[in-house]
Structure formats: structure tokens, C-alpha cells
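A short worksheet on the structure shown next.
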Amino acid sequence: MAPPNVLYIHSHDTGRYVQPYGYPVPTPNIQHLADQGVMFRQAFCAAPVCSGSRAALLTGQCTHATGMLGLAHRGYRLTYPERHIVNVLRSAGYWSGLIGEQHVSADPADVGYDRVVDLDTTKVRDVAPAATRLIAERAQTDEPFFLSVGFFETHREYFEPSSLRDALYSRPPENIVDTPITRRDMASFKASARSLDQGVGMVLEALDENDLVAETLVIMTTDHGLAFPDAKTTLFDRGTGVLLLMRGPGGFERGRVVDSLVSHLDIFPTICDIAGIDPPDWLEGLSLLPLVGGDLDELHQELFSEVTYHAAYEPQRAVRTARYKYIKRYDEQHPGRVLANLDDGLTKDVLVAHGWANVDPPRESLFDLWLDPTEGTNRIDDPELAGVLKDLKGRLHDWMVRTDDPLLQGAVAPAKGTFYNTVDQVSPSDPTTLQ
């Protein structure tokens, strides 16, 4: 059997806020993909920051192992670019193409794709038509392809609300105060999500029009959570939880739902498994095929996540099991919020105006996710969970040692040649410092 094509569709800052996950965000094309494939309800990224998340997915390693401790457009680079999945797939006869967003290199030509389509923007209006053209072109060849289609949406700046009704009635995320301003902000996100959905629909239709559906594994995901307070750049589930839909060869079909913990790190080994490629020895994830095929009920006993830099330094690490999560913040010099790490927007303005910046996050947190799924009650000092805390601390430390986490040696300085904000700045658009 010939190896399948792989179509990797990815968005910016969407979390799970799309229709298949039960949110009132109309995304019918994404819903259609879920109806035909497999939806993972408990999928998580390795890092709730743009470059770190994508680097982990595309190399199959935790973020600090990739070298992408900060943002690519601020100077961070992959330590081992040869480990990017396109370079591994090339040895198995795959052709690769990049259209739109990629965010693991300041120069997309450095990554290793056979073709990088030059566009004016990475928004749906430019990316989707280019993707349909390239899919039609590749349908005329016999080579299997890996095609990365990246959309800017739903990154801020959002679109304007598409209707007065949306501006009046859209409910903000559950951790955000419900006001006219935050409702309008959420309505703007929904407008961006509609645009994303249209782009996804165009790309999927191109597969159908070129008779490629049966031989193409479609992977749709996002980098991390919404660009709202206490989501993106945090290790709450609101920051690390991602949509993950897969359709195609390997049993990804029939509109099934998987509730077990899975990670972006599992995507690389899954592609290797389906394509019949020996997985490289650096991969940290596991193939999803035994889970999807029913051979396993659980793939992971725990998942790890991390942040070091986004716009500014804010080192954090976390371990999550099916029931519990432990988060630790490592910057002893600045224990407060780092406002520059949240993109500017209406909701941020509301919370900052009402004192959000003056409420320091805890140094350590422990959550019982069955009893407290919104992570609102920190039980770090609860004696009933002392054994859980000791266990999770041990797992996190062992992982950091096993993966040679630089935080074990103390504070992590910005990499040479990178730009960063200081921890006391308010906006990522404030003047930056060159290391």
C-alpha cells in the first residue's frame, strides 16, 4: 500500500473554541471534518506559545529540547532543524510544501520544505486559494506529499463582529467577566473563527475535487489556547488545550470521539506509523494508532507542558494526569504577572483596569481537575492531596532531568541575538531589548 498524503492544517490561538467541542462558535466545515474523522477531546500542546508549540509538534520533542525557548520572529531557532518532520519524510519519498503560517523560523526557506509558496499574508484570503491550487497540482503526481497549510486566524487582531447580535450576546470564556466589552471581544473572535472555517472548507473541498480524500491523512489542530487572560502563555488547560481532528487512513474515520489524554508530540510518530517509516529515536510521543484502533484505552499517564519566553521571560513547567495538575513558576526575581506575555485586546484592557496586574499568580498550584475543571481552587496546601503533590513533583523533576531542561541550572538567559520584552512592561508592542 502506498504511503498516504498528509495535510496538516493549523490555526493560531484557537484552543478548542470551535463547534465540535460544544462552543457556540459556528464552524460548520470544521464540524464536518469531525463528523467524518476522529476528534480528540483531551488533546494538549507541549507549550502554550506559538513557536514552542509548533516546534514540538513538528520535531516530536518537548519544547526546550528543540531549542525554541522563545519566538521565532524574535530570533529563536531550532537547535536541530534536520529533525523537522519534512526532512524525515523526504527520506521516505515524500514531497513537502508550505503555505501560510509556520512560525518555527524567521525565514521559512530554512526549514526544509521542497516548496514555500510566497504570499502577501498568512490570512485565509491568501492562504486558502493558494492551497487549493497546490493540491490540484500535486494530484497530478505520484509522489506522496506533506502539505502544511497555516492560517493566521484566530490570532489577534480579530475581525470586527459579523453582526450586532454577536456583539450583544456572545459569551466570553468561563474565566472571563461577562461585560459588554468582553462580549464584543468574544464576538470578534467568533468572526475570525468563521473566516478560519471558510479557509478549512476550501482546502478540504480541494481534496474532494481532486479525488485525494481516501489517500490523505488530514490533521487539523491549533498551536494553543485563546489570546485571552489566563489562557495563551499559561499552563492552565485554557492555555494548553487544543483542538485536534484527524481524518483518513489508519482508522481515523466515522465521527468518533476519544477522551484519553493525547499530545501534539504524538502526531509525528503517528505519521511515521501510518507511512511505514521507522520512528526516529528522538521522538518523545507515541503513535495514536493503538488508541484509535482500540488496542489501548490510555496512551499516557501524564503529559508535560512548559513556558520559558514568549514576549518576556516567564518560566513555568507543569505535569498533568487525567485527574490532577501541578504547575510551578520559576522566576523568583519577578513573582508577579508578566503582562507583555498576553496579546493586547479589549478583555486584557478590562482586567488590567480593574487590578488584574496586582494579583500575583501562585508560585505553585495543584488542581483536582475532576472537581475543579476550571482550575479555580489551588489545593497546594491541602493535606488530603499531599501524596498527589509529592508524586507529581517527582514526575515533573524526573522529566526535567530526562530531557535536560535548562531550568535545572537556574534562570535561563535570552539566547544571543534575540529580542525580548522586560517583565515589567505591559504590552508586547513596547520597545524590546536585543540580547
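The values are calculated or read from the model by the stated rules, or taken from the named source; none is laboratory data. From a predicted model like this one, the values you see are computed outputs, not experimental measurements. No Cβ is skipped: glycine too gets one built from the backbone with ideal geometry, and neighbour counts run over all protein chains shown. For accessibility, only protein heavy atoms count, side chains too; no ligands or nucleic acids. Shrake-Rupley method; radii C 1.70, N 1.55, O 1.52, S 1.80 Å.
Listing for the model above:
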{"item": "Qualifying residues in the range 326-342 (those that are within 20 Å of Leu226 (Cα to Cα) and not small (Gly, Ala, Ser)) - the one most open to solvent (accessible area, probe 1.4 Å)", "result": "Arg337"}
{"item": "The lone exception for Ile267 - which of (1) within 21 Å of Asp295 (Cβ to Cβ); (2) among the hydrophobic types (A, V, I, L, M, F, W, C); (3) open to solvent by 10 Å² or more (accessible area, probe 1.4 Å) it fails", "result": "(3)"}
{"item": "Residue list for the range 144-169, filter: at pLDDT 95 or above and part of a loop (DSSP other than H, G, I, E, B)", "result": "Pro144, Phe151, Phe152, Glu153, Thr154, His155, Arg156, Tyr158"}
{"item": "Filtered residues of the range 86-112 (kept if of a type in the set (A, V, I, L, M, F, W, C), assigned to a helix (DSSP H, G or I) and surrounded by fewer than 24 Cβ atoms within 10 Å (Cβ to Cβ))", "result": "Val86, Leu89, Ala109"}
{"item": "Filter result for the condition that a residue is open to solvent by less than 10 Å² (accessible area, probe 1.4 Å) and either more than 30 Å from Ala340 (Cβ to Cβ) or not in a strand (DSSP E or B) (or both), over Val200, Val213", "result": "Val200"}
{"item": "Condition met for Gly294 (on the phi > 0 side of the Ramachandran plot, at pLDDT below 95, surrounded by fewer than 20 Cβ atoms within 10 Å (Cβ to Cβ) and not aliphatic (A, V, I, L, M))", "result": "yes"}
{"item": "Filtered residues of the range 381-421 (kept if assigned to a loop (DSSP other than H, G, I, E, B), β-branched (Val, Ile, Thr) and touching a Lys or Arg at 6+ places or on another chain (Cβ under 9 Å))", "result": "Thr418"}
{"item": "Condition broken by Thr27, with the remaining ones in (1) touching a strand residue (DSSP E or B) at 6+ places or on another chain (Cβ under 7 Å); (2) within 30 Å of Arg184 (Cα to Cα); (3) crowded, with 23+ Cβ neighbours inside 10 Å satisfied", "result": "(1)"}
{"item": "Count - residues of the range 216-237 that are open to solvent by 10 Å² or more (accessible area, probe 1.4 Å) and of a type in the set (A, V, I, L, M, F, W, C)", "result": "1"}
{"item": "In the range 348-375, residue most open to solvent (accessible area, probe 1.4 Å) [restricted to those that are polar (S, T, N, Q) and within 23 Å of the chain's Cα centre (by Cα)]", "result": "Thr374"}
{"item": "Residue that is nearest to Leu339 (Cα to Cα), among those in the range 414-425 that are more than 24 Å from the chain's Cα centre (by Cα) and surrounded by fewer than 19 Cβ atoms within 10 Å (Cβ to Cβ)", "result": "Asp424"}
{"item": "Residue match in the range 272-279 (condition: closer than 29 Å to Gly70 by Cβ, of a type outside the set (Gly, Ala, Ser) and open to solvent by 20 Å² or more (accessible area, probe 1.4 Å))", "result": "yes"}
{"item": "Test for Gly345: is it open to solvent by less than 20 Å² (accessible area, probe 1.4 Å) and either free of Cβ contacts under 8 Å to residues at least 60 places away in the same chain or touching a helix residue (DSSP H, G or I) at 6+ places or on another chain (Cβ under 7 Å) (or both)", "result": "yes"}
{"item": "For Asp372: the one exception among (1) touching a Ser or Thr at 6+ places or on another chain (Cβ under 9 Å); (2) under 30 Å from Ala187 (Cα atoms)", "result": "(1)"}
{"item": "Selection count where residues are under 16 Å from Val200 (Cα atoms), open to solvent by 30 Å² or more (accessible area, probe 1.4 Å) and within 22 Å of the chain's Cα centre (by Cα), scope the range 127-168", "result": "2"}
{"item": "Test: Pro229 is at pLDDT 95 or above, in a loop (DSSP other than H, G, I, E, B) and over 12 Å from the mean Cα position of the chain (by Cα)", "result": "yes"}
{"item": "Residues satisfying the stated conditions in the range 176-193, i.e. open to solvent by less than 50 Å² (accessible area, probe 1.4 Å), in a loop (DSSP other than H, G, I, E, B) and not hydrophobic (A, V, I, L, M, F, W, C)", "result": "Thr179"}
{"item": "Whichever residue in the range 59-83 is assigned to a helix (DSSP H, G or I), touching a residue at least 40 places away in the same chain (Cβ under 8 Å) and open to solvent by 10 Å² or more (accessible area, probe 1.4 Å) and, among such residues, is farthest from Arg254 (Cα to Cα)", "result": "Arg74"}
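One line per residue, one yes/no per condition, for (1) among the aromatic types (Phe, Trp, Tyr); (2) in contact (Cβ under 8 Å) with a residue 60 or more places away in the chain; (3) more than 30 Å from Val177 (Cβ to Cβ):
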position	(1), (2), (3)
Met202	no, yes, yes
Met220	no, yes, yes
Pro229	no, yes, no
Arg238	no, yes, no
Ala275	no, yes, yes
Asp281	no, no, yes
